[in-house]
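Below: one structure, written as structure tokens.
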């Protein structure tokens with residue numbers, strides 16, 4: 001099928017290889033590359049690599065298409081049609097309805113890598129049945145996760161990481177076959193989780209105070225070394241503490257301090273990947289005076305210590321560089 005319409009406006013097809021296509025987007029401050037493989041009819045796997053602080057504005061609606069995004073590193077943010085603010089950080093996964101595109105988006109960290117699994121629902125459902133012989137309705141499972149929401153967020157999940165991170169290390173000579181297996185594995189995991197647990201995350205809804213709550217979020221995260229009290233923020237923005245906590249949860253899906261802790265860990269993960277700063281220095285930069293407490297908090301989020309995370313990230317980056325060389329040499 002023709003997948004051209006699912007790529008962002010301005011994307012240019014710059015290379016066609018035997019098994020995949022490469023699209024490039026140019027921004028005033030950098031560029032993005034999207035490398036796409038049709039693993040099955042109706043199912044497209046995309047490797048995303050963006051080096052820009054810009055994003056996309058007023059993307060067209062693409063009804064009948066669901067997009068599953070996984071962030072490997074970096075941070076992506078967008079404003080939905082409802083006004084809700086959504087951020088995708090390292091190891092987070094989202095499911096979104098491309099028929100209800102966001103108002104605007106931005107690459108918050110200036111660099112972003114990850115994958116997208118795009119499903120043209122009718123064709124993907126047919127492929128699902130033909131390949132697996134499953135009676136499970138894949139489309140119904142994914143749509144049940146969304147309900148009336150435009151986006152569902154699943155924060156760092158070790159089981160998902162195991163599936164997704166292996167996509168970056170396909171065996172030689174079996175690359176496309178490996179992508180097929182891993183794409184099916186991810187979809188099967190989401191379908192089974194949906195049947196066993198119902199909706200995997202609680203829906204959040206945005207009220208009329210979206211801009212004020214977004215300003216509170218910016219104040220909380222503009223200097224991660226500082227911890228604002230909720231009383232201080234409530235006074236500054238003219239609302240009660242209880243109202244602040246309620247509105248913040250509705251808009252961001254997490255309590256204020258839980259969200260702040262998450263943002264600190266995302267920034268720490270980015271620094272571990274992109275710099276050689278000592279772990280103790282990184283702890284200070286994200287608001288921890290005690291390196292041991294920082295290490296424990298980081299391990300709770302990412303399932304490994306900062307030192308191990310840094311070593312794993314470096315190995316994965318080397319693998320990606322080698323894989324990129326191999327891809328560029330493909331015909």
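A short reminder: the numbers here are calculations on the coordinates, not readings from a lab. What you see is a predicted model, and the numbers here were worked out from it, not measured in a lab. Here the Cβ positions follow ideal geometry from the backbone for every residue, glycine too, while neighbour counts run over all protein chains shown.
Tell me, what is the percent relative contact order of the chain, built from C-alpha pairs under 8 Å that lie six or more residues apart?
Normalised by residue count, the contact order of the chain is 14 percent.
Taking only Cα atoms, what is the 0 to 90° angle, nearest 10, from helix 256-274's long axis to the longest principal axis of the chain?
On a 0 to 90 degree scale, this one is about 60.
Taking 1 over the mean of 1/r across every pair of different Cα atoms in the stretch 205-252, what Kirkwood radius in Å do you get?
10.8
What Kirkwood Rh does the stretch 18-89 have if only Cα atoms enter the pairwise 1/r average? Answer in Å.
About 14.2 Å for the stretch 18-89.
With 24 Å as the cut-off, how large is the P(r) tail for the chain, expressed as percent of Cα-Cα pairs?
I get 57 percent for the Cα pairs in the chain exceeding 24 Å.
Using only the alpha-carbon atoms, how far is helix 175-197 inclined from the longest principal axis of the chain? Give it as 0 to 90 degrees, nearest 10.
Long axis of 175-197 versus the principal axis of the chain: about 50 degrees.
Please compute the length gained on full extension between residue 218 and residue 174, using 0.36 nm multiplied by the number of residues separating them and subtracting their Cα-Cα distance.
Length gained, residue 218 through residue 174: 11.3 nm.
What do you get for Rg/Rh over the stretch 4-197 if you use C-alpha atoms and the Kirkwood form of Rh?
0.93
Let me check against my output: what whole-number percent is the relative contact order of the stretch 205-252, with C-alpha pairs under 8 Å and at least 6 apart?
Relative contact order for the stretch 205-252 comes out at 55 percent.
How much length is gained on full extension from residue 289 to residue 57, taking 0.36 nm per residue of separation minus their Cα-Cα distance?
79.6 nm
By how many degrees, between 0 and 90 and to the nearest 10, does the Cα long axis of helix 210-221 differ from the longest principal axis of the chain?
80
How much FRET efficiency would the formula 1/(1 + (r/R0)^6) give for residue 24 and residue 165, where r is the Cβ-Cβ distance and R0 is 35 Å, rounded to 0.05?
0.90
Of 38, 266, 236, which is the most mobile in a GNM of the chain whose springs link Cα atoms less than 10 angstrom apart?
Result: 236 has the largest fluctuation of those listed.
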